[in-house]
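First comes the structure, then the notes that go with it.
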Amino acid sequence: MEQNKAIIGKAKEVKPLIINNEITKDVEKRILIGKSNFDAPNFVMRLFTVKPGGHSPKHSHRWEHEIYIVKGKAEVFDGEKYNLVEENSFVYIPGGVEHQLKNAGEEDLEFICVIPTSADEE
């Protein structure tokens with residue numbers, strides 16, 4: 001889809017994928033911008049909401065993550081240890097580094113995660 005103007009939207013209007021299984025607990029993922037919805041050629045921007053007590057899986061892959069904490073507190077595994085990270089902070093995770101985000105607060109944790117389009121959007 002060839003775009004000739006900016007596209008503006010509201011994150012909460014994007015339908016979330018609810019993830020709650022043996023390795024991921026109480027996570028909502030919204031693909032805000034990517035190949036699947038805007039044919040974005042370079043990056044995928046996703047918004048994650050993690051409920052109190054919830055977490056992403058502890059995992060690694062070949063692509064980098066660029067994360068911005070929008071709301072709440074997170075414990076971020078950096079490949080060696082967990083670090084407390086608060087809203088308005090950023091996290092860079094190089095490819096190949098094991099990582100995980102856990103909600104470390106009493107309210108929802110929200111973070112933006114940007115990955116390259118060569119990675120799997122899902």
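The values are calculated or read from the model by the stated rules, or taken from the named source; none is laboratory data. In this text, all values refer to a predicted model and were calculated from it rather than measured experimentally. Cβ placement follows ideal geometry from the backbone for every residue including glycine, while neighbour counts extend to all protein chains displayed. In case anyone asks, the SASA skips ligands and DNA or RNA and just uses the protein heavy atoms, side chains included. Shrake-Rupley method; radii C 1.70, N 1.55, O 1.52, S 1.80 Å.
For residues in the stretch 41-84 being in contact with a Leu (Cβ under 9 Å, 6 or more places away or on another chain) and small (Gly, Ala, Ser), which is nearest to Leu17 (Cα to Cα)?
Step one: of the stretch 41-84, the residues in contact with a Leu (Cβ under 9 Å, 6 or more places away or on another chain) are 44-52, 54-56, 67, 69-77.
Filter once more, so that each one left must be small (Gly, Ala, Ser): 54, 56, 72, 74.
Details: Gly54: 15, Ser56: 13, Gly72: 20, Ala74: 20 Å.
Among those residues, the one meeting the criterion is Ser56.
Checked against the criterion of being buried (at least 16 other Cβ atoms within 10 Å of the Cβ), in contact (Cβ under 8 Å) with a residue 60 or more places away in the chain and within 19 Å of Asp108 (Cα to Cα), the candidates Thr49, Thr24 yield just one match: Thr49.
Residues in the stretch 95-107 that are open to solvent by less than 50 Å² (accessible area, probe 1.4 Å) and part of a loop (DSSP other than H, G, I, E, B): Gly95, Val97, Ala104, Gly105. Against the test of being assigned to a strand (DSSP E or B) and surrounded by fewer than 19 Cβ atoms within 10 Å (Cβ to Cβ), the options Glu75, Glu110, Glu80 yield a single qualifying residue, Glu75. Of Lys73, Lys102, Lys51, all but one fail to be within 13 Å of the chain's Cα centre (by Cα) and at pLDDT 95 or above; the exception is Lys102.
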